[in-house]
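Each value in this text was obtained by applying a stated rule to the coordinates, not by laboratory testing. In this text the structure is predicted, and so the values were computed from the model without any measurement. Note that we place each Cβ from the backbone using ideal geometry, even for glycine, and neighbour counts take in every protein chain shown.
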Amino acid sequence: ALSFLELQREDIYSIEIVGGATRIPAVKEQISNFFCKEISTTLNADEAVARGCALQCAILSPAFKVREFSITDVVPYSITLRWKSSYEEGTGECEVFSKNHAAPFSKVITFHKKEPFDLEAYYTHPHEVPYPDSRIGRFTIQNVGPQHDGDNSKVKVKVRVNIHGLFSVANASIIEKQNIEGDHSDTPMDTESSSKNQGRDEELDKMQVDQEEGVQKSQAEQQNQADEEAENAGTETKAASGDKQDHPSQPKAKTKVKSIDLPIQASLYRQLGQDLINSYIENEGKMMMQDKLEKERNDAKNAVEEYVYEFRDKLCGVFEKFITEEDSNKLTLMLEDTENWLYEDGEDQPKQVYMDKLQELKKFGQPIQERCMEHEERPKVLNELGKKIQLLMKAVEAYKNKDEKYDHLDPAEMEKVEKYINEAMSWLNSKMNAQNKLSLTQDPVVKVAEILAKSKELDSFCNPIISKPKPKIEPPSDGQSKANGEHNGPVNGQSATETKPEPAKDNPQQTKPPGEMEVD
């Protein structure tokens, strides 16, 4: 690693080792002797991960300012593509990703072919790879054919190493040329010249995989025949700028270029096929569903067990005075039978069986629980309803006593309010008297929900009538005020002589010069 980075041991400033092997004295000694420096072991593996996560979060967060820090993954082993040449059964190859090449990364390679062809990917240096087989896979580019004029078709193949370091042929497309006759100078399109000059031939010789002259090339020469177009983050860089040329001298010889995607058949070594992966994903989904059903079954079983333990404790506590001794003994026996069933025949039952067992227990326990709840909540809501009736009765008494606050209300409506209040009071008294005659072990005569509904009904009927605002008195208009002012005489004993009209400012005869003044 140091030789690849062109560093010397003296260039290393400090050394921090992390992992379980840092506890071995021999490992520490060897590392320290190699770098001739003291090593630090102040950071354990868990803290290293936590600090890395914190740093990454700070980089992503807009609330923190962090120094520029980036990690670039690399391809650990160089990868080469090999294909079969159509001339004298030769082979061509090209190293698409060199060792320590940045990843993830994509490259586009252009081939000139007339028929489907295979691409074999393998690691360039087998002795560097810790695997018995250096082959990666074989990729067949299908549906490749010649152009309409019989020339080779241009096939663009995109190869990629993803973020996990896995190599794949991402996609392939064929560039199809269609000749268009006539002058179409007004129509914009991609064009290529039908005739190639000598300079164009020299340029294509560097790009084509299959040679036009049919001469067998060596592997080093055939490597230069592939036109590599690297693209990072999906951006393709053209290898030659002369692929598209316009020939004003031949306006009628124009070609329309069309890109067509090609199917790829992948045969991978030591890797799972897509069909097998899909089957594994399907099996995983089935197992997840089974786990979900099993969890729901266990939850239903635990609900029954929890209800048994909880209700049995409350029978000797808060529920004791709300159930008769006979019913208490009967329910206790039922709970014990259910507990024994859970650990014997009910150990492994379907979910529905546990749900039915729980509903059966609640059928006996729910009335007791409701009696306890009603006993605790009933005094509060009865008190609130009584206070509300008293306030409404005070408002009716104030109306009868000609209170200014209620003198605008309609007598017929107030009579209805009084009648409704009396009915509510009679209902409340009758229910309270009937409830007081019952024991705590009996179901209540009136429930909390009924009392709340009665209170809400009383509010909705009485409040709109009693809270009706007084009608507003409209103030007199400006015309009426002026008219009243003209006909009214002196006010509060004032004489007519005390009211002097203001001198007209526009009358020049009444305006005195600035130098004159009157002195008393």
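What is the extension gain from Tyr269 to Glu296, computed as 0.36 nm multiplied by their sequence separation minus the C-alpha to C-alpha distance, in nm to one decimal?
Values: separation 27, 0.36 × 27 = 9.72 nm, distance 4.18 nm.
Gain in length upon complete extension: 5.5 nm.
Distance between the pseudo-spin-label points of Ile17 and Lys363 (7 Å out from Cα toward the beta carbon): 7.3 nm. Set against the 2.2 N^0.38 Å expectation for a compact globular protein, segment 275-361 has a Cα radius of gyration ratio of 1.57.
With R₀ set to 45 Å, the beta-carbon distance separating Trp341 from Lys380 gives a calculated FRET efficiency near 0.65.
Give me the percent relative contact order of segment 2-60, please, defined on Cα pairs under 8 angstrom at least 6 residues apart. Walk me through the numbers before you get to the answer.
Working: 34 pairs, mean separation 20.4, N = 59.
So the answer I get is 35 percent.
Each label was represented as a point 7 Å from its Cα along the Cα-to-Cβ direction; for Glu457 and Leu60 these points are 5.9 nm apart.
Using a ≥ b ≥ c from the Cα gyration tensor of segment 353-396 (square roots of the eigenvalues), is it rounded, prolate or oblate, where a/c under 1.5 gives rounded and otherwise the larger of a/b and b/c decides, a/b for prolate? Note, shape of segment 353-396 comes out prolate. How much length, in nm to one decimal, is gained on full extension between Ala45 and Thr332, taken as 0.36 nm per residue of separation minus their Cα-Cα distance? Roughly 97.7 nm would be gained on extension. Calculated FRET efficiency, Glu305 to Glu176, Cβ-Cβ distance, R0 = 56 Å: about 0.20 to the nearest 0.05.
Using the crude model of +1 on Lys and Arg Cβ and -1 on Asp and Glu Cβ, and no other charge, please compute the dipole size for segment 275-361 relative to its Cα centre, in debye to 20.
On the way: 11 positive and 24 negative charges, 55 e Å.
Using Cβ point charges on Lys, Arg, Asp and Glu, segment 275-361 gives about 260 debye.
Over segment 2-60, what per residue volume does the convex hull of the Cα atoms give, in whole Å³? Can you show the working numbers first?
On the way: hull volume 6.8 nm³, N = 59.
For segment 2-60, the hull spanned by Cα atoms encloses 115 Å³ per residue.
Pairwise Cα separations in segment 323-397 fall into 10 Å bins from 0 onward with the following percentages, short to long: 15, 29, 21, 14, 11, 7, 3, 0.
Look at the alpha carbon pairs under 8 Å that are at least 6 residues apart: their mean separation over the length of segment 41-179 gives a relative contact order of 20 percent. Across segment 74-177, how large is the tail of the calculated P(r) beyond 17 Å, expressed as a percent of all Cα pairs? Here the tail beyond 17 Å accounts for 54 percent of pairs. Summing +1 for each Lys or Arg and -1 for each Asp or Glu among the other residues whose beta-carbon sits under 14 angstrom from that of Ile15 gives -2. Run the paramagnetic zone check for Asn433: 7 angstrom along Cα to Cβ, then residues of segment 367-404 with backbone nitrogen under 20 Å. Residues 379, 382-383, 385-387, 389-390 fall inside that zone.
Rg/Rh for segment 373-467 stands at 1.07; both radii use Cα atoms, and Rh follows the Kirkwood definition.
Inter-label distance, Leu5 to Ala398: 8.6 nm, where each label sits 7 Å from its Cα along the C-beta direction.
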